[in-house]
1. Based on what the data block shows, is D76 in contact with a helix residue (DSSP H, G or I) (Cβ under 9 Å, 6 or more places away or on another chain) and on the phi > 0 side of the Ramachandran plot?
2. Can you say whether T94 is open to solvent by less than 70 Å² (accessible area, probe 1.4 Å), more than 21 Å from S28 (Cβ to Cβ) and over 16 Å from the mean Cα position of the chain (by Cα), as far as the supplied structure shows?
3. Note down all Cβ pairs under 8 Å where the first residue falls in segment 79-94 and is touching a residue at least 40 places away in the same chain (Cβ under 8 Å), the second is open to solvent by 60 Å² or more (accessible area, probe 1.4 Å), and they're at least six residues apart or on different chains.
4. Test each condition in (1) in contact with a Ser or Thr (Cβ under 9 Å, 6 or more places away or on another chain); (2) open to solvent by 20 Å² or more (accessible area, probe 1.4 Å); (3) over 24 Å from K144 (Cα atoms); (4) within 15 Å of the ligand (Cβ to nearest atom) for W37 and report the one that comes out false.
5. Please specify each residue of segment 1-34 satisfying the condition of being of a type in the set (S, T, Y) and open to solvent by 10 Å² or more (accessible area, probe 1.4 Å).
6. Take L65 and tell me if it is surrounded by fewer than 18 Cβ atoms within 10 Å (Cβ to Cβ), at pLDDT 95 or above and over 17 Å from the mean Cα position of the chain (by Cα).
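The values are calculated or read from the model by the stated rules, or taken from the named source; none is laboratory data. Just so it is clear, the structure is predicted and the values come from calculations on it, not from any experiment. Ideal geometry is used to build each Cβ from the backbone, glycine not excepted, and the neighbour counts take in all protein chains shown. The accessibility values were calculated without ligands, DNA or RNA, using every heavy atom of the protein model including side chains. Shrake-Rupley method; radii C 1.70, N 1.55, O 1.52, S 1.80 Å.
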Amino acid sequence: MQEAINAQINAEMWSAYLYLAMSMDASSHGLRGVANWFKKQYEEEMEHAFKFVGYLQSQLCRVELAPIAEFPTCWDGCPLKMFENALAHEKKVTGMINNLCAIAAEEKDYATGIFLQWYVTEQIEEEANCQDAIDALKMIGEDKAAFFMYDSQLAAR
Ligand code: FEO
């Protein structure tokens, strides 16, 4: 369980870098709201990672930090591509969290099972947020005025 949680800490930090890279790409194309949204998402992923760090520490387990694998850095300033990539990634993360739950059940580690419930709920929101953005961006299409308004909304996150 400890090993699997350490791997998840790395995965959460990888997610953080992915979203920070999206934020940088959006920013370089003048998409202020999208850049802000993904910067906030970067911060959330680091919170997810540190929540696991705190949990391992509370269980007197060793936290092992591993190198962050390479991540994509270019979406050509296309918010739809970013959010579609983010949704696909979040679905993968949901699978990882489910896998942690399965390990906890198999090891009869009930404390970790309860701790993981927060992440199970969080993943529902993570996927829904990405899907909402995809739906909105598809509706906006090439309408620049509508996109400008939506970008301002994302800037307020
Ligand atoms: Fe840490 Fe986006 O799930």
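1. For D76, the condition - in contact with a helix residue (DSSP H, G or I) (Cβ under 9 Å, 6 or more places away or on another chain) and on the phi > 0 side of the Ramachandran plot - is met.
2. Values: open to solvent by less than 70 Å² (accessible area, probe 1.4 Å): yes; more than 21 Å from S28 (Cβ to Cβ): yes; over 16 Å from the mean Cα position of the chain (by Cα): no.
No; evaluated as a whole, the condition is false for this residue.
3. If the second residue must be open to solvent by 60 Å² or more (accessible area, probe 1.4 Å), the pairs left are L80/K138; L87/Q131.
4. Against the list (1) in contact with a Ser or Thr (Cβ under 9 Å, 6 or more places away or on another chain); (2) open to solvent by 20 Å² or more (accessible area, probe 1.4 Å); (3) over 24 Å from K144 (Cα atoms); (4) within 15 Å of the ligand (Cβ to nearest atom), W37 comes up short only on (3).
5. Narrowing segment 1-34 to residues of a type in the set (S, T, Y): 15, 17, 19, 23, 27-28.
Within segment 1-34, Y17, S27, S28 meet the criteria.
6. yes
Conditions tested, residue by residue: (1) over 17 Å from A88 (Cα atoms); (2) without any contact (Cβ under 8 Å) to a residue 40 or more places away in the chain; (3) surrounded by 11 or more Cβ atoms within 10 Å (Cβ to Cβ).
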| site | (1), (2), (3) |
| --- | --- |
| K108 | yes, yes, no |
| I114 | yes, yes, no |
| E122 | no, no, yes |
| D132 | no, yes, yes |
| Y150 | yes, no, yes |
| A155 | yes, no, yes |
